[in-house]
Amino acid sequence: MQNCDKAGVGRRGQASPRLRKPGVSGERAAARSAVRKNGGRKQAVIQILQDLQERLRWLPPEALEAVALELKMPLAHVYSVATFYKSFSLEPRGRHTCTVCMGTACHVRGGAAVLEHFERKLGLRAGQTSPDGEVTLERVNCLGACALAPLAVVDGRYHGQMNETKADKVLLPILRAGSQAQAPEGGRRDEEAP
């Protein structure tokens, strides 16, 4: 271990032996698959990480270590790419992702009120994921679609000129699915009783 730094990267840029764990976890298998899908090319590290995040909803340490090993590149380089781009998450994210833009145009046109409404409806603060892992609420500085301000992106779909009424409509399927998951064994909630 003398030849490795704290990040587990050896002097020659290879991942240290301590990162090589026996067996294949789901994250490691996903990393191998993403690397193979992209031809094992070091230049495809961004696409590989995108593929991994799409599959796992985040980039766990085991997956980043596996990418470094598979590509024979320093773990520090893989981490630098994963932390440079805001679209990558090193923490678990929900099955549903709600992103509210707070760029200048969105802020001026009511983005703060939209974000507060999302927080109230979801019971989350920006940057949090629900305890059940269903929903993540994010605040970003700009989504690059200022003509649509204020803007929210829910599960990859852009929703422009967002307001409370539109937010309620967009969030309804997510909230409905969450409440059905919490319904008692009989399958009905009290307000659904005849």
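The values are calculated or read from the model by the stated rules, or taken from the named source; none is laboratory data. The shown structure was predicted, so the numbers you read here are calculated from the model rather than taken from an experiment. When we count neighbours, we look across all protein chains shown, and the Cβ atoms used for this are built from the backbone with ideal geometry, even at glycine. Remember, those area values only see protein heavy atoms, side chains included, never the ligands or the DNA or RNA. Shrake-Rupley method; radii C 1.70, N 1.55, O 1.52, S 1.80 Å.
Tabulated data for the structure shown
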quantity: Mean Cβ count within 10 Å, highest first, over the residues of peptides 66-73, 136-143; calculated: 66-73, 136-143
quantity: Total formal charge among the other residues, if their Cβ is under 13 angstrom from that of ALA152, Lys/Arg +1 and Asp/Glu -1; calculated: 0
quantity: Formal net charge of residues neighbouring GLU164 (Cβ-Cβ distance under 14 Å; K, R +1; D, E -1); calculated: +2
quantity: Counted charge near GLY94, where neighbours are those whose Cβ lies closer than 12 Å (Asp, Glu -1; Lys, Arg +1); calculated: -2
quantity: Accessible surface of the stretch 23-173 [probe 1.4 Å, protein heavy atoms]: carbon and sulfur percent; calculated: 51
quantity: Accessible solvent surface per residue of the stretch 41-168, calculated while the other protein chains remain in place, 1.4 angstrom probe, Å²; calculated: 52
quantity: Per-residue SASA entry for ASP132, accessible area with 1.4 Å probe, Å² rounded to 10; calculated: 90
